[in-house]
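Scroll down for the structure; my scribbles are underneath it.
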Amino acid sequence: MRRKIVAGNWKMNTTLNDGLRLAGEVKEDAEKGLPEGVSLIVAPPFTHLTGIREILADSIGLSAQNCATDDSGAFTGEVSAKMIASTGAEYVIIGHSERRLFFRESDKELNKKVKIALANDLTPIFCCGENLHEREKGIYKEVVRNQIELGFTGLNEDDFRKIIIAYEPVWAIGTGKTATPEQAQDMHSFIRDLVKKLYNSDTASTTSILYGGSCKPSNAREIFENSDVDGGLIGGASLNADDFLAIARSF
Ligand code: PGA
């Protein structure tokens, strides 16, 4: 059985106080109950990780939004997987399209990040997805295949089994445009098939593949209903506890 996951990517939002308050609201609302088998993860900014770990119940996962390619050293401004793990966080988002685009993170670098996250017992939430140009040119499957093959180069089956994948079409992120349920299912089944080719069908069937891109309470249900969609990576709507929990309750 694969896990159903709703993860909130807060991006560069909330002051520490606002973040602690939001985490408290998420925890309180989650305690009212979630559909069976659904797990929540929140990914606040680095500065909030320690404080939020103390607020969240163990049942809610904590994630960073990025990590460095090395464990320590002269890399001013970077935060390592080892440091993230020391806060009590269990996950790290790797390869978000904003990192790929604005910070020019290469597939090679992301592959290093995946490996260093795993070495520090963090579960990577690995993002992939095509931009509008690539979608319109009809090369979106090739783009995503490349991102996955390069991002996971050198990972054995045991390591790969710890990975969570998030398919996030760039044209749907923060734009209010969501992929149609058919587009999401088509890409998710393509990704699962690829995992099957790279590893095997058992691994493919246990890999959680989340959808991300303008997911909100009004459209989550029709997206989550698809057989290969195992949840969502939620940006904007995760900044409101009611909306975030409503999305989690769409299962
Ligand atoms: P969005 O962001 O929900 O605001 O579109 C999703 C993401 O970037 O993870």
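The values are calculated or read from the model by the stated rules, or taken from the named source; none is laboratory data. All values derive from a computational prediction rather than experimental measurement. Ideal geometry is used to build each Cβ from the backbone, glycine not excepted, and the neighbour counts take in all protein chains shown. Keep in mind that these areas ignore ligands, DNA and RNA; they rest on the heavy atoms of the full protein, side chains included. Shrake-Rupley method; radii C 1.70, N 1.55, O 1.52, S 1.80 Å.
Within this structure, ALA68 fails the test of being over 13 Å from GLY24 (Cα atoms), in a helix (DSSP H, G or I) and among the hydrophobic types (A, V, I, L, M, F, W, C). For beta carbons closer than 7 Å, sequence separation of 6+ or different chains, a first residue in segment 227-251 that is under 18 Å from GLY61 (Cα atoms) and more than 9 Å from the ligand (Cβ to nearest atom) and a second that is among the hydroxyl-bearing types (Ser, Thr, Tyr) and not in a helix (DSSP H, G or I), the qualifying pairs are ASP230/SER208; GLY231/SER208.
Looking only at residues in segment 88-114 that are surrounded by fewer than 18 Cβ atoms within 10 Å (Cβ to Cβ) and within 14 Å of PHE46 (Cα to Cα), the one that is nearest to the chain's Cα centre (by Cα) is GLU90.
Considering only residues that are in contact with a Cys (Cβ under 7 Å, 6 or more places away or on another chain) and part of a helix (DSSP H, G or I), which ones fall in segment 80-96? The answer is ALA81, ILE84.
Only one entry in THR153, THR203, THR178 is within 14 Å of the ligand (Cβ to nearest atom), of a type in the set (Ser, Thr, Tyr) and either under 23 Å from GLY37 (Cβ atoms) or assigned to a loop (DSSP other than H, G, I, E, B) (or both), namely THR178.
Conditions (1) in a loop (DSSP other than H, G, I, E, B); (2) among the small types (Gly, Ala, Ser); (3) farther than 23 Å from GLN183 by Cβ; (4) free of Cβ contacts under 8 Å to residues at least 60 places away in the same chain, marked per residue:
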{"residue": "GLU78", "(1), (2), (3), (4)": "yes, no, yes, yes"}
{"residue": "ARG100", "(1), (2), (3), (4)": "no, no, no, yes"}
{"residue": "LEU110", "(1), (2), (3), (4)": "no, no, yes, yes"}
{"residue": "VAL114", "(1), (2), (3), (4)": "no, no, yes, yes"}
{"residue": "ALA117", "(1), (2), (3), (4)": "no, yes, yes, yes"}
{"residue": "CYS127", "(1), (2), (3), (4)": "no, no, no, no"}
{"residue": "HIS133", "(1), (2), (3), (4)": "no, no, no, yes"}
{"residue": "GLY138", "(1), (2), (3), (4)": "yes, yes, no, yes"}
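Quick one: in segment 206-226, of everything that is outside any helix (DSSP H, G or I) and open to solvent by 50 Å² or more (accessible area, probe 1.4 Å), which residue is nearest to the ligand (Cβ to nearest atom)? Among them, the one singled out is LYS216.
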